[in-house]
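See below for the structure under consideration.
The values are calculated or read from the model by the stated rules, or taken from the named source; none is laboratory data. These figures come from a predicted structure and were not determined experimentally. Cβ placement follows ideal geometry from the backbone for every residue including glycine, while neighbour counts extend to all protein chains displayed. Accessible surface areas use protein heavy atoms only, side chains included; no ligands, DNA or RNA. Shrake-Rupley method; radii C 1.70, N 1.55, O 1.52, S 1.80 Å.
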Amino acid sequence: MKDLLVTGLDRIELLRTFVRIVDTGSLSAAASQIGTTQPTISRRLQALERSLGLQLLARSTHRMQLTGDGERCYAYAVQLLERWAEMEAELLGARDDPRGTLRVQAPHAFGQDQLIAPLSDYLRRYPNVNVEWVLHDRSPDFKAEGIDCAIQVGVIDDPSVVAIRLGEVPRIVVAAPAVLGDAPFPSTTAELQRLPWLALRTYYTNEVVLTCQADGREHRFGIQPRMSTDSLYALRSAALAGLGACVSSAWIVARDIDEGRLVQLIPQWQAAPLPVYLIHPYARSYPAKLRLFAELIRQRMPNLVELRASGRAKTD
């Protein structure tokens, strides 16, 4: 069979496909991320192996494993693609001409509501960029899922990423008026504890911790939630239905409080605010599409509803 001739540009694409196969762990997952079919991914892998004269992956019905040559090829490919991306970033970034697809992960509730306005602004400013808006409440897997950057609410404990602190989300105690009935509003945390409760499992389940805004005193008490959920929207809906009190991000209930559907209980006591970060893998340089998105998000974030500036703009 005649040897397959592969150009330099083709080889870059074949190496990208190979790295994506390894990072995702399967041909089908790589095909899904790249937006093509599994047979196409398989043909690209075979073309790369033929061009190198090496077997890179040992494949069986149930598993896929890098060969020794495959491990070396993967290490070289990652370095080469990083340098290629660095060159593209420098050339395109110098013109401030962002283009291509930016894949961003954001929390479900925040990504459906507060972040749509800055996202829309970004897309209007840079018509040559498309955005894949991926909604997940878990930490991003940058390599396996091809994520360029993520907006994450909560503490960042991954030392390998660049984390830019954007602000913080105040958290308050709210309930529907029906929960209180004819009783007066609670005036102490002990009275709060006697109410029926709802829990947001991401941040609290069986214990509520509140801090006095005046002097920093902390009070914690146990609860037996009538309902617990990992969805901020579901928590709000349950609170509106009168199922119990809850600790909620202030932004999602701001209008409900203004219009009387929910009431804030003992405002002088609040849960610890949640930090909001923009995170992305470290690189020596960044493409214009990512750099300009980060700049816009940093500018727009303090203007979002009920988001509080943290006073920290530097990379943590």
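Contact map, region 107-120: residues that are closer than 19 Å to A234 by Cβ paired with residues that are open to solvent by 50 Å² or more (accessible area, probe 1.4 Å), Cβ distance under 7 Å, separation 6+ or inter-chain. Pairs shown: P107/D137; H108/D137; A109/Y233; G111/W133; Q114/V305. For region 268-301: of the residues being among the polar types (S, T, N, Q) and assigned to a loop (DSSP other than H, G, I, E, B), which is most open to solvent (accessible area, probe 1.4 Å)? The qualifying residue most open to solvent (accessible area, probe 1.4 Å) is Q268.
Kindly indicate whether L66 is farther than 26 Å from P140 by Cβ and either without any contact (Cβ under 8 Å) to a residue 24 or more places away in the chain or not polar (S, T, N, Q) (or both). No. When residues in region 145-157 are screened for being open to solvent by 20 Å² or more (accessible area, probe 1.4 Å), over 9 Å from R103 (Cβ atoms) and touching a Pro at 6+ places or on another chain (Cβ under 9 Å), 4 of them pass. Against the definition (modelled with pLDDT under 95 and either open to solvent by 10 Å² or more (accessible area, probe 1.4 Å) or not small (G, A, S) (or both)), how does P225 come out, yes or no? In short, no.
Scanning region 230-248 for residues that are without any contact (Cβ under 8 Å) to a residue 40 or more places away in the chain and under 22 Å from W269 (Cα atoms), we see that the one that is most open to solvent (accessible area, probe 1.4 Å) is R236.
Restricted to region 178-213, and to residues there that are in a strand (DSSP E or B) and without any contact (Cβ under 8 Å) to a residue 60 or more places away in the chain, the residue that is farthest from L243 (Cα to Cα) is C212. Set side by side, the residues W197, W133 differ, and just one is among the aromatic types (F, W, Y), farther than 26 Å from K289 by Cβ and either at pLDDT 95 or above or exposed (fewer than 14 other Cβ atoms within 10 Å of the Cβ) (or both), which is W197. So is I279 under 30 Å from P98 (Cα atoms) and at pLDDT 95 or above or not? Against the criterion (under 30 Å from P98 (Cα atoms) and at pLDDT 95 or above), I279 qualifies.
Condition check for G216 on (1) in a loop (DSSP other than H, G, I, E, B); (2) open to solvent by 30 Å² or more (accessible area, probe 1.4 Å); (3) touching a residue at least 24 places away in the same chain (Cβ under 8 Å); (4) out of contact with any Leu (no Cβ under 9 Å at 6 or more places or on another chain): one failure, at (3).
With respect to (1) over 30 Å from L27 (Cβ atoms); (2) at pLDDT 90 or above; (3) open to solvent by 40 Å² or more (accessible area, probe 1.4 Å), the lone exception for L210 is condition (3).
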